[in-house]
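*Asks:* Please see the structure below; I have some questions.
Read the figures in this text as sums done on the coordinates, not as results from a lab. Note that the structure is predicted; figures quoted are calculated from it, not measured. Cβ sites come from the backbone with ideal geometry, for glycine too, and all protein chains shown count toward neighbours.
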2 protein chains.
Amino acid sequence: MLPGPTNVPNRVTSAMLTPMINHRSEDFRTLYKDIIAKTQKVFQTNNDIVVLTTSGTGAVEASVVNLIKKGDLVVVPVNGEFGTRLADLVDSIGGKAIRVKAAFGQNPPIEKIIEAFETNRGIKALYAVYNETSTGTTLRYMEKLGKICDDNDAFFVADAVSILGGDELPVDDWNVDICVTASQKALAGPPGLAPISISNEAKRYMQDNPPSTQYLNLKRYFKYYEESYETPFTPAISLFYAFREALEIILEEGMKNRIDRHRKCANAIYAGLGELGLKPFADEAARSNVVIAIKYLNELEDKKFRQILSSQFRVLLAGGFGELKGKVFRIGCMGEVTSYHVMRTLSAISSTMEILNVKPQGNGLSVAHKILTTS
Amino acid sequence: MLPGPTNVPNRVTSAMLTPMINHRSEDFRTLYKDIIAKTQKVFQTNNDIVVLTTSGTGAVEASVVNLIKKGDLVVVPVNGEFGTRLADLVDSIGGKAIRVKAAFGQNPPIEKIIEAFETNRGIKALYAVYNETSTGTTLRYMEKLGKICDDNDAFFVADAVSILGGDELPVDDWNVDICVTASQKALAGPPGLAPISISNEAKRYMQDNPPSTQYLNLKRYFKYYEESYETPFTPAISLFYAFREALEIILEEGMKNRIDRHRKCANAIYAGLGELGLKPFADEAARSNVVIAIKYLNELEDKKFRQILSSQFRVLLAGGFGELKGKVFRIGCMGEVTSYHVMRTLSAISSTMEILNVKPQGNGLSVAHKILTTS
């Protein structure tokens with residue numbers, strides 16, 4: 001139950017047994033074209049797609065170095081570790097990040113973002129971490145951010161690494177110029193690939209202003225794809241096979257069903273844990289359906305708590321990090337998550353509380369079960 | 001018989017079926033430590049090892065951006081596509097590449113490299129493409145380059161992407177500060193990982209002068225490994241399992257046996273093709289044992305030749321690229337290559353020549369067989 005890498009379905013793992021092929025062959029071109037078409041469906045976009053052989057961080061970096069130049073003004077909502085890192089990255093390559101901050105666990109009021117656009121002329125882009133994995137919050141006004149960017153002629157970039165495939169993100173409808181995600185989170189593939197969608201306008205800019213990097217240079221990926229449906233550098237072919245299968249599973253389920261399943265599982269976890277006496281770190285309005293961060297009760301010690309869960313119940317949860325280390329634990333509610341996982345996790349947490357002499361307030365399992373079985 | 005990705009042994013492919021693990025867990029730490037220890041043996045080094053989730057190009061770029069700063073003088077032997085790219089990369093990030101050129105198919109005389117050091121003060125590093133995949137040449141004086149660098153207090157960087165595991169490269173004995181390779185060439189793993197070794201001196205420099213990149217920032221990889229035996233960003237875990245198995249197979253065979261096998265197979269291919277009337281592109285002194293580039297006879301047309309080999313004999317060879325497109329074909333003699341592959345390839349080439357009405361001069365198979373069966 002980690003917030004990535006998540007469990008990988010057997011069908012996806014088995015796809016990696018496909019014998020090795022040449023990445024300059026018709027076999028690869030067919031594979032890559034198929035992946036791009038399926039990724040477009042999952043992203044709900046007609047934009048160009050590039051699949052990098054990197055982690056999500058590599059792709060987020062690509063989204064910055066290909067678009068942001070020295071002196072460019074960039075608005076970044078900051079309410080956790082990943083927003084902080086993104087703003088720092090913008091600054092580190094010479095851009096000027098305008099940080100719109102909120103306390104961890106809350107979303108910055110959208111008025112403050114509008115204000116940032118009003119008080120700064122010529123903002124080039126807004127980079128938003130859609131789901132802040134470190135705190136378990138989701139920006140619930142992405143569609144509005146798309147409109148704000150449109151009105152201000154700014155690029156809208158979504159870091160959707162930990163959420164795409166587990167919550168709403170219709171890229172074209174929401175006017176997202178660049179959308180970045182990774183294979184091992186809500187898409188339930190093995191880690192190592194990071195798909196990115198790029199709008200025509202962003203693409204044109206990148207083609208006219210390529211960065212000095214080779215490996216993360218998106219212009220080169222466009223060129224190779226347009227000329228031959230290939231990647232400029234040797235791709236992780238086994239992971240491409242796995243990723244295609246992961247996308248296929250998503251499309252078989254359907255995006256709406258998949259998002260509903262994630263939402264229902266999240267609701268059951270929040271309600272069940274609440275009944276046990278455990279409270280979310282995030283404000284209700286900002287709560288994530290894919291990464292659930294829960295405040296520790298004083299009586300529960302992080303390491304001991306997660307150690308018992310792992311060794312006695314074989315349930316893996318993540319700790320907090322940065323300034324939340326030891327203060328929260330985090331549950332990944334993504335990818336393959338079903339009622340089974342929710343009930344097993346709640347049951348393990350409830351038992352672990354008992355083992356640690358922290359009496360659960362109520363019957364969390366019963367509350368969760370009710371939610372999971374109500375349509 | 002491609003010069004990468006090469007055939008992957010079943011043991012290696014099957015290792016990817018291992019269930020997904022957390023990259024912040026003891027399971028991963030054990031895996032990564034084991035990979036590093038085995039990679040050190042294959043590299044014949046005690047230096048630090050970093051494994052990037054990228055292609056070889058990503059790791060070569062890391063070797064440049066972490067070491068070379070604006071204005072730094074860098075000697076680069078250039079005798080093919082990859083040497084050209086490497087020198088261009090040095091220039092593109094603000095370094096000054098001093099190109100020591102030779103005609104494609106030849107190695108620059110080592111005297112010209114010594115001269116470059118003598119006529120330019122304060123050279124920071126020498127970057128050498130050990131095996132030039134585009135032309136089928138290998139720099140046969142790497143050990144001497146290591147000495148030259150040592151004498152001149154310069155860093156010695158080896159791009160060994162297409163050769164490590166298939167020919168000699170004792171990193172410590174040859175004084176290589178940074179050695180870069182990739183998983184899918186002579187190491188016979190699936191593509192997507194790129195191991196790099198870094199000497200203490202190079203490491204210290206990188207730690208004191210980190211680049212602005214995140215994903216390719218080696219300082220971060222050192223830090224995470226030293227603190228917790230982890231990677232800073234989510235690694236391609238399935239490929240790590242595969243890579244460990246590929247390394248295990250190499251160590252079971254032994255480096256000496258493995259290099260002898262590659263050499264013998266290469267000798268048999270060169271001799272067999274020569275008997276058929278086909279000549280290597282490279283000068284004899286510069287010939288590669290892992291990538292064999294062969295000049296087309298006028299009567300053989302690239303596309304048709306390789307198409308027949310592929311469709312009728314299921315033998316895949318690579319074409320030339322850059323200015324050698326259509327002029328040469330290339331045989332990967334790496335990784336899993338055995339007598340079986342050599343004989344099957346020669347037989348297919350011989351038959352394809354007959355199909356295209358180009359009579360083979362002599363019995364190439366017999367000549368090759370003799371070499372393969374002589375100890």
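*Asks:* Please name whichever of A:Tyr296, B:Leu145, A:Pro108 sits farthest to the positive end of the charge dipole of the protein assembly as shown, dipole taken about the Cα centre and charges placed at Cβ: Lys and Arg +1, Asp and Glu -1.
*Replies:* About the Cα centre, the residue reaching furthest to the positive side is A:Tyr296.
*Asks:* What do you get for Rg/Rh over region B:255-373 if you use C-alpha atoms and the Kirkwood form of Rh?
*Replies:* Details: Rg = 13.4 Å, Rh = 14.2 Å.
Rg/Rh: 0.94.
*Asks:* Oh, and also: Trypsin sites (Lys or Arg not before Pro), restricted to region A:283-314: which are DSSP loop and have at most 16 other Cβ atoms within 10 Å? Intermediate values should be presented prior to the final figure.
*Replies:* Working: sites: A:Arg287, A:Lys295, A:Lys303, A:Lys304, A:Arg306, A:Arg314; in loops: A:Arg314.
Loop-located and lightly packed - A:Arg314.
*Asks:* For the pair A:Glu227 and A:Arg263, how long in nm is the line joining their label points, each one 7 Å along Cα→Cβ?
*Replies:* 4.6
*Asks:* Helix B:81-92 versus the longest principal axis of chain B: what is the Cα-based angle in degrees, 0 to 90, to the nearest 10?
*Replies:* Compared with the principal axis, the helix lies near 30 degrees.
*Asks:* Of all the residues in chain A, which one has the C-beta that comes nearest the axis relating A to B, and what is the distance in Å?
*Replies:* It is A:Met16, 2, counting Cβ atoms only.
*Asks:* Let me ask another. Residue by residue through region A:316-327, what is 3J(HN,Hα) from phi via Karplus (6.51 cos²θ - 1.76 cosθ + 1.60, θ = phi - 60°)? Round to whole Hz and write x for glycine and proline.
*Replies:* 9, 10, 9, x, x, 9, x, 6, 9, 4, x, 9
*Asks:* Just to be sure I understand the model, the point goes 7 Å from the Cα along the line to the Cβ. What's the resulting A:Asn357 to A:Leu297 distance in nm?
*Replies:* Rounded to a tenth, the inter-label distance reads 1.3 nm.
*Asks:* Separate question: As I understand it, the dipole of the protein assembly as shown uses +1 on the Cβ of Lys and Arg and -1 on the Cβ of Asp and Glu, about the Cα centre. Which of B:Ile237, A:Ala160, A:Phe43 lies farthest toward its positive end?
*Replies:* B:Ile237
*Asks:* Please give every one of the lysines within straight-line cross-link reach of A:Lys101, meaning a C-alpha to C-alpha distance under 27 Å, and leave out same-chain neighbours fewer than 8 residues apart.
*Replies:* A:Lys69, A:Lys70, A:Lys112, A:Lys124, A:Lys144, A:Lys147, A:Lys185, A:Lys279, A:Lys295, A:Lys325, A:Lys327
*Asks:* Report the full-extension gain for the segment B:Ser347 to B:Glu284: residue separation times 0.36 nm, less the Cα-Cα distance, to one decimal in nm. Intermediate results must be reported in sequence, preceding the final value.
*Replies:* Values: separation 63, 0.36 × 63 = 22.68 nm, distance 2.35 nm.
That pair, B:Ser347 and B:Glu284, stretches by 20.3 nm at full extension.
*Asks:* Add +1 for every Lys or Arg and -1 for every Asp or Glu among the other residues with Cβ under 15 Å from the Cβ of A:Thr30, and state the total. Please list the in-between numbers first.
*Replies:* On the way: positive: A:Arg24, A:Arg29, A:Lys33, A:Lys38, A:Arg244; negative: A:Glu26, A:Asp27, A:Asp34, A:Glu230, A:Glu245, A:Glu248.
Here the charged neighbours net out to -1.
*Asks:* Counting partner chain Cβ atoms within 10 Å of every residue's Cβ in B:182-191, what's the average?
*Replies:* 3
*Asks:* For region A:10-253, what is the charge dipole size about the Cα centre, in debye to the nearest 20, if Lys and Arg each add +1 at the Cβ and Asp and Glu each add -1 at the Cβ?
*Replies:* I would put it at about 560 debye.
*Asks:* Next question. What does the charge count around B:Leu86 come to, taking other residues whose C-beta lies under 15 Å from its C-beta (Lys +1, Arg +1, Asp -1, Glu -1)?
*Replies:* On the way: positive: B:Arg85, B:Lys96, B:Arg99, B:Lys101, B:Lys124; negative: B:Glu61, B:Asp72, B:Glu81, B:Asp88, B:Asp91, B:Glu132, B:Asp159.
Around B:Leu86, the surrounding residues sum to -2.
*Asks:* Give me a single rounded figure for B:57-63: the average over its residues of other chain Cβ atoms within 10 Å of their Cβ.
*Replies:* On the way: counts 6, 10, 1, 3, 7, 1, 0.
Across the residues of B:57-63, the mean count of other-chain Cβ atoms within 10 Å is 4.
*Asks:* So, one more: Where Lys and Arg each count +1 and Asp and Glu each count -1, what net charge lies around A:Pro280 among other residues with Cβ under 14 Å from its Cβ? Show your work: numbers first, answer last.
*Replies:* Details: positive: A:Lys279, A:Arg287, A:Lys295, A:Lys327, A:Arg330; negative: A:Glu132, A:Glu275, A:Asp283, A:Glu284.
Net of charged neighbours comes to +1.
*Asks:* Averaged over all directions, how much area does the convex hull of the C-alpha atoms of the protein assembly as shown cover when projected, in nm²?
*Replies:* Values: hull surface 127.9 nm².
The directionally averaged projection comes out at 32.0 nm².
*Asks:* Additional query: Quote the FRET efficiency, to the nearest 0.05, computed for A:Ser339 versus B:Glu118 with a Förster distance R0 of 51 Å and r equal to the Cβ-Cβ distance. Spell out each step's value before the answer.
*Replies:* Details: r = 74 Å, r/R0 = 1.45.
The formula returns an efficiency of 0.10 here.
*Asks:* With the label 7 angstrom out along Cα to Cβ, how close does A:Ser92 come to the same site in each of the other copies, in nm, nearest first?
*Replies:* 2.0
*Asks:* What number, in percent, do you get for the relative contact order of chain B if the mean sequence gap of Cα pairs under 8 Å and at least 6 apart is divided by its residue count?
*Replies:* Values: 761 pairs, mean separation 87.2, N = 375.
Normalised by residue count, the contact order of chain B is 23 percent.
*Asks:* Another one. How far, in degrees from 0 to 90, does helix A:218-228 lean away from the longest principal axis of the Cα atoms of chain A, to the nearest 10?
*Replies:* 70
*Asks:* Just going by the charge dipole of region A:255-373, with Lys and Arg at +1 and Asp and Glu at -1 on Cβ, which of A:Val342, A:Gly277, A:Val358 is farthest out on the positive end?
*Replies:* A:Val342
*Asks:* Any idea what % of Cα-Cα pairs in chain B are farther than 26 Å? Numbers along the way, then the final one.
*Replies:* Values: 36002 of 70125 pairs.
Roughly 51 percent, once rounded to a whole number.
*Asks:* Another question, then. Helix B:237-253 sits at what angle to the longest principal axis of chain B, using alpha carbons and giving 0 to 90 degrees rounded to 10?
*Replies:* For helix B:237-253, the angle is close to 60 degrees.
*Asks:* Got the A:Gln106 label distances to the other copies yet, label 7 Å along Cα→Cβ, in nm, shortest first?
*Replies:* Copy-to-copy label distances at A:Gln106, shortest first: 7.3 nm.
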